[in-house]
1. Could you please tell me the mean projected area of the C-alpha convex hull for segment 423-485, averaged over all directions and given in square nanometres to one decimal?
2. Filter the cross-link list K286/K423; K125/K185; K420/K466 down to pairs whose alpha-carbon distance in this structure exceeds 20 Å.
3. If you build the Cα gyration tensor of segment 421-538 and take the root of 5 times each eigenvalue, what three semi-axes come out, in whole angstrom, biggest first?
4. Stretch S281-S243 to full length: gain in nm at 0.36 nm per residue minus the Cα-Cα span?
5. Using Stokes-Einstein with the Kirkwood hydrodynamic radius over Cα pairs, what translational diffusion coefficient do you get for segment 284-336 at 10 °C and a viscosity of 1.306 mPa s, in µm²/s rounded to a whole number?
6. In the structure shown, do any of K436/K462; K436/K535; K264/K497; K237/K497; K68/K290 have a Cα-Cα gap over 30 Å, and if so which?
7. Give the share of C-alpha pairs in each 10 angstrom bin for segment 221-274, from 0 to the last occupied bin, in whole percents, shortest bins first.
8. If you consider only alpha-carbon coordinates, what radius of gyration and Dmax does segment 161-219 have, in Å?
Amino acid sequence: MRARVKKLLRMYVHYAPPSSGVIVFLFWRELRLPAFACIGFDYICVSVLGMDSQKEALQRIITTLANKNEELHNFMETLSHSLAGVQVNSPQAVSDLEEEFDTLFTVLVEMKESMISTIKQEAAKKTQEIQHQLTQSGSALKSAVELLEFANKALDINDEDEFTKAAKQIKDRVTMAPAFRLTMKPKATDNMNHLMVDFNQERQLLQNLRFLPVPRAPEIEVGDCLVLDNTVSVAWKMPVEDSKIDHYILEYRKTDHEGLPRIKDQRCWEVVDNIKTTEYSLSGLKFDSKFMNFRVRACNKAAAGEYSDPVTLETRAFNFGFDSSSSHLNLKVEDRTVEWDPQGGKGLESKVKGKENKGSAHLTNLKNMSSGTPSPKRTSATRSPAIRGGRDRFTGESYTVLGDTSMDCGQHYWEVKALKDCKSYSVGISYRNLGKFDQLGKTNTTWCIHINNWLQASFAAKHNNKAKSLDGTVPDRIGVFCDLDSGQLSFYNAETKQLIHTFKAKFSQPVVPAFMVWCGGLSLSTGMQVPSAVKSFQKTENGLGGSNSSLNSMAQ
C-alpha cells in the first residue's frame, strides 16, 4: 500500500501544478498524516519520495514562494505608489477647489461691479433728465411771474388805446409763454426697483454645491480584444450606463512582463485622448515586446474617472537586427538598414599595412580583398585576421550579412524593402555555419530570392546553386514567411500579400535571416506578426507545383 501511495505522490509531483491548494484526503490513512492544507502536495513529497523527487518538489516550492514573493513585492510597490499619489493628489485637490472658488469669487465680484455700474448709470441718467426738467420749469416760472406782474399793471391803465395795446401784448406773450408749452409730467421717476436682483435661486444653487460625480471605472472586455496584423483592438464597457460621459482616455505601454503592470516599468504610458466610442484600434504597431498593458478611463465635461483594471495582451513577434560582426566589409550596417559601401575596409587595410609589411604581393592581396571583387580562390589564403574582426566575416564576392537571431521552430515573418537604385540583392535564410566565401542560393544550406537590376534584369528563386526564374514584377517590399514547423519558406508581395515563391525543406538546424547587397541597400522591418492573409493562404495551399519541385530540398 505504501508503495502505491509513493507512486501516486510521484505522479502528483510530475503533473500537479504548484500552489494547487489540494487537501490531502486520499493519503491520510496510508501515511497517517494530520489533516492540513498545504501550498501544494509538495511538502508531503519532500518527506516521502527519494532525493531526486525531493529536490524536484523542493524546487517547485521555491518557485512558488519566489513567484509569491515577486507578486507581493509588486503589490507593495503599487500600494506605495498609491500612498504617494494620495499625499500628492490631496493637496492638489484642495488647490483645485480653492482655484474654483477663487474663480467663482472673481465672477461674483465682476458681476457685482458690473451691476453697480449699471445702477450708477441709471441714476446719472435720471438725475440728468430731472435736472433738465427742473431748469426748464424754473425758466418758465420766472417768465410766468414777469407776465403776471405786467398783466396786473395793465389793469391800472385808464387809457383805452394803451390798455388795448397792453392787453394784446399780454395775449401774445401768454400764447408763447414757456409755462404753457412745457409738459408737467416728469421724464424720470425716483423708482429703482427695476434694478433689484433676486438671488434666491443662485443662493440655493450655491448651497447645493457638491463635489461632481466622477465617472465609474470602465471594464475592459478581454474576450472582445483582438491582436491581429500588428493592430490591437481594445473594447470596454461601463458597469452602469452614464449619459454624461463625454469621452474616454486609453493608455497603453509595452512590457516584457506577463500579468498586472509594474510600477517600475521601463516604458511610460502612452495616451490616446478624446475617444468617443467604447472601442479603439491601435494600428501600425511594432511588436518589439512580449506584451502590452492597457487601461482606460471615462471623462465627463469636468472630471476624469478612475482607471479600469489593467489588462495585458500578448504581442509576441519575431525581432532581429543585422549581425554587423558577420557583414562583408563592403556593407555598412546601421540600425535597420544595410548599404553597399565600396570604401568599406579601407581604414582597416591601412592599419594592416602599418603593422604587416610583408611584400608587395601581400599588400596587393589586401587591396583586392577590400574592393570585394576578386575570386575567393585568390584571396582565401591571404585574408588577414585584422580585417576579419571579431569573427569570420563574409568576404570575396559574398556580400552577405546575417540576422542576429536564429529560429529553430514556429512561424516568423519580416519584410525587406530595397533602397533607391539597388542594383542587386538577395533575401532569404541560411544556416549560421555558412562559409565566409559562400553566396546565398549557391549552397544546400541557403534559400533565397535574388533580384538583379544590373545590365540584364533577373528575378529568381535560388537554392543549392539552382535558380528558377520568377514571373511578374519585383514588388517594392518583400514579405518573408518562415514556417519551421511545416518546413516552408515563402516570399510574398508585402503590399498585396500575393505569393511569389515557396521553398519546402526539412530544416535540420536553426536558421537565420540572410541578405546579400551589391550597389544599393536594404531596409528591414521586424517586430511583425504573421499577416492574417498569409496565414489564410498557407492553410489553403496544397504544396508546391511541379515548376518548383526542382528547388525543393531535404536539408541535412
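1. Values: hull surface 20.8 nm².
About 5.2 nm², averaged over all directions.
2. On the way: K286/K423 29 Å; K125/K185 17 Å; K420/K466 28 Å.
Check vs 20 Å cut-off fails for K286/K423; K420/K466.
3. On the way: eigenvalues 82, 72, 36 Å².
After diagonalising the Cα gyration tensor, the semi-axes are 20, 19, 13 Å.
4. Details: separation 38, 0.36 × 38 = 13.68 nm, distance 2.33 nm.
Going from the current span to full extension adds 11.3 nm.
5. Numbers: Rh = 15.2 Å.
Here the translational diffusion coefficient equals 104 µm²/s.
6. Values: K436/K462 18 Å; K436/K535 35 Å; K264/K497 40 Å; K237/K497 35 Å; K68/K290 22 Å.
With Cα atoms farther than 30 Å apart: K436/K535; K264/K497; K237/K497.
7. Histogramming segment 221-274 at 10 Å steps yields 17, 43, 33, 7 percent.
8. When restricted to the Cα atoms of segment 161-219, Rg and Dmax are 34.2, 113 Å.
The values are calculated or read from the model by the stated rules, or taken from the named source; none is laboratory data. Nothing here was measured: the structure is a model prediction, and the numbers come from that model. Cβ sites come from the backbone with ideal geometry, for glycine too, and all protein chains shown count toward neighbours. Quick note on the areas: whole protein, heavy atoms, side chains included, nothing else; ligands and nucleic acids left out. Shrake-Rupley method; radii C 1.70, N 1.55, O 1.52, S 1.80 Å.
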